Amino acid sequence: MTDQLTTDLAEGIGRSRSTDYLNMKGMLSDDEIGLLVKVRDFGESELLPIVNDYWERGEFPFEAIPKLRELRIVGDTMQGYGITPMSAVGQGLVSYELNRIDGSIGTFMGVHVGLAMQSIYILGSEEQRQRWLPDMAELQKIGAFALTEPDHGSDSVALEATATRDGDHWVINGRKRWPGNAVWCDVIVVFARDTADQQVKAFVVEKDDPGYSATKIGGKVSLRMVQNADIVLDDVRIPDDRRLVNCNGFPDVAKVLMGTRNMVAWASTGHAVAAYEIALTYSQRRSQFGKPIATKQVIQSQLVEMLGDVTAMQLYCIRLGQLLDQGEVTDTMAALAKYFCSVKARHVCRMARDVLGGNGITLDFHVMRHMCDMEALVTYEGTAEIQSLLVGREITGKGAFA
Ligand SMILES: Cc1cc2nc3c(=O)[nH]c(=O)nc-3n(C[C@H](O)[C@H](O)[C@H](O)COP(=O)(O)OP(=O)(O)OC[C@H]3O[C@@H](n4cnc5c(N)ncnc54)[C@H](O)[C@@H]3O)c2cc1C
């Protein structure tokens, strides 16, 4: 195949085909449809043209931040503090559309809004919310969330970082691994164990605090634009008013994680729908044995399997969002959605990559980027196995973690 033919095949291939086989849109409010269209247009015009290059270089596209600011999509279900009000379904649609274009941008926003801002919103006092959230809502200050440690990922409940009260201050020591944005962001919500009562507490560390250092994790082949960090906390001394007052144990941390698992379900669905649509378009353009490959029964069967999975994921997400808006979501409902959507999305991306043959492994056709990025989504916010153990315990009454 010549370069020109490759270019023609790839032309506009990441653009949305509005896959919505069971009329998901019919379940959305006018505001939610407006939000979806706004983010989709933005993603296709502003992000799609730049993401492959940044992904390849492994650099974060700082040029996107002012544009994201203008879009007014820092929302989630939080109220006030300059935050754009939106339903849980609306916030899910934002994640769906951002990840449909690129997982690194979606994850950047997920960490900033769903993890860092929500931690301050859920676990902070009114004064603490006022102090940090307005700047974060404007993307003037960017946040990170530091729970995982080198020796404690799935069992982060056993985290070893310590916080020791010293008069009006706390002294924090320990190491964290993986927090996204943490290499360059402004505020980092750090979880550490109080040496007095052994409970997990939350602290807002600022990037210039003496004793805080964050080193970029290199060699990542997934979410390459996200700057994940290895963090060292070496006698980081912060005033007591930077301890988030409503975090008094690990169950409080879990309140934050429930919302973000919902967001990973939406994000996975965005990746899957992108991969399916690219495979469909490609199959109609690419001819072999004298006809488009879309005319082959095996290819159609793969496309239908992908569509079935994508449609199920869309329905999962919409229903989960509705239940969140009604305050009726449980931890395990969010865990099941995260499990189902992330595992299915990984499978859909792999099938799509097969449909594209050799072109499937190039960045030009986007599918491989989605497939690589899905590997991180299956793992973060609790691996697929851990979600399965959470739901398994719920339905059998038997814990199988240890
Ligand atoms: C790209 C990326 C971004 C991330 N961002 C953040 C972030 O912003 N903030 C943050 O705090 N953390 C972050 N994380 C960390 C993430 O949440 C952890 O990687 C995840 O929880 C898994 O922990 P682990 O990597 O230590 O794997 P491990 O816990 O070591 O697990 C290894 C394997 O063992 C399995 N396993 C573990 N326990 C059991 C069990 N009881 N039964 C059966 N199988 C088990 C796991 O499912 C997995 O397959 C990020 C990770 C990645 C990869």
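A compact table of results
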quantity	calculated
Test set (1) assigned to a helix (DSSP H, G or I); (2) of a type in the set (Lys, Arg); (3) more than 22 Å from His152 (Cα to Cα) - Arg261 fails condition number	(3)
Close pairs (8 angstrom Cβ cut-off, 6 or more residues apart or separate chains): touching a residue at least 24 places away in the same chain (Cβ under 8 Å) and part of a strand (DSSP E or B) in segment 184-213, open to solvent by less than 20 Å² (accessible area, probe 1.4 Å) and among the polar types (S, T, N, Q) anywhere	Val189/Ser119; Phe191/Ser156; Ala202/Ser119; Val204/Gln128
Met258 being open to solvent by less than 30 Å² (accessible area, probe 1.4 Å) and either at pLDDT 95 or above or away from the ligand (no atom under 12 Å from the Cβ) (or both)	no
In segment 375-384, residue surrounded by the most Cβ atoms within 10 Å (Cβ to Cβ) [restricted to those that are at negative phi and in contact (Cβ under 8 Å) with a residue 12 or more places away in the chain]	Leu377
Filter result (out of contact with any helix residue (DSSP H, G or I) (no Cβ under 7 Å at 6 or more places or on another chain) and closer than 30 Å to Met109 by Cα) within segment 181-198	Ala182, Val183, Trp184, Cys185, Asp186, Ile188, Val190, Ala192, Arg193, Asp194
Matching residues, segment 219-233, being exposed (fewer than 13 other Cβ atoms within 10 Å of the Cβ) and touching a residue at least 60 places away in the same chain (Cβ under 8 Å)	Val221
Residue within segment 117-128 that is over 23 Å from Met86 (Cβ atoms) and either open to solvent by 10 Å² or more (accessible area, probe 1.4 Å) or modelled with pLDDT of 95 or more (or both) present	yes
Selection count, segment 326-342, where residues are part of a helix (DSSP H, G or I), of a type outside the set (Val, Ile, Thr) and within 14 Å of Met258 (Cβ to Cβ)	8
Residues within segment 385-402 that are in contact (Cβ under 8 Å) with a residue 60 or more places away in the chain, more than 8 Å from the ligand (Cβ to nearest atom) and open to solvent by less than 60 Å² (accessible area, probe 1.4 Å), tallied	1
Qualifying positions in segment 152-183 - assigned to a loop (DSSP other than H, G, I, E, B) and either near the ligand (Cβ under 8 Å from one of its atoms) or open to solvent by less than 20 Å² (accessible area, probe 1.4 Å) (or both)	Gly153, Ser154, Asp155, Leu159, Ala161, Trp178, Pro179, Gly180, Asn181, Ala182
Top-ranked residue in segment 307-339 [being among the charged types (D, E, K, R) and under 18 Å from Glu394 (Cα atoms); ranked as surrounded by the most Cβ atoms within 10 Å (Cβ to Cβ)]	Lys338
Set Arg350, Arg369: member being part of a helix (DSSP H, G or I), without any contact (Cβ under 8 Å) to a residue 40 or more places away in the chain and under 29 Å from Lys296 (Cβ atoms)	Arg350
Criterion (within 28 Å of Gly90 (Cα to Cα), hydrophobic (A, V, I, L, M, F, W, C), without any contact (Cβ under 8 Å) to a residue 40 or more places away in the chain and open to solvent by 20 Å² or more (accessible area, probe 1.4 Å)) met by exactly one of Val298, Val343, Val304	Val304
Considering residues of segment 22-42 that are open to solvent by less than 30 Å² (accessible area, probe 1.4 Å) and free of Cβ contacts under 8 Å to residues at least 60 places away in the same chain only, the residue farthest from Arg319 (Cα to Cα)	Phe42
Hits in segment 330-380 (condition: charged (D, E, K, R) and modelled with pLDDT of 95 or more)	Lys338, Lys344, Arg346, Arg350, Arg353, Asp354, Asp364, Arg369, Asp373, Glu375
Tally, over segment 355-374, of residues that are in contact with a helix residue (DSSP H, G or I) (Cβ under 7 Å, 6 or more places away or on another chain) and either within 16 Å of the ligand (Cβ to nearest atom) or open to solvent by 70 Å² or more (accessible area, probe 1.4 Å) (or both)	7
Positions within segment 1-35 being among the aliphatic types (A, V, I, L, M) and out of contact with any Phe, Trp or Tyr (no Cβ under 8 Å at 6 or more places or on another chain), in sequence order	Met1, Leu5, Leu22, Met24, Met27, Leu28, Ile33, Leu35
Test: residue in segment 14-28 that is among the charged types (D, E, K, R), in a helix (DSSP H, G or I), farther than 21 Å from Thr362 by Cα and not assigned by TED's automatic domain parsing to the domain that holds Ile361	yes
Condition broken by Glu381, with the remaining ones in (1) within 16 Å of the ligand (Cβ to nearest atom); (2) touching a strand residue (DSSP E or B) at 6+ places or on another chain (Cβ under 9 Å) satisfied	(2)
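The values are calculated or read from the model by the stated rules, or taken from the named source; none is laboratory data. No experiment lies behind these values; they were computed from the predicted model shown. In this analysis, Cβ positions are derived from the backbone assuming ideal geometry, glycine residues included, and neighbour counts consider all displayed protein chains. To get the accessible areas, we keep the full protein, side chains included, count just its heavy atoms, and leave off ligands, DNA and RNA. Shrake-Rupley method; radii C 1.70, N 1.55, O 1.52, S 1.80 Å.
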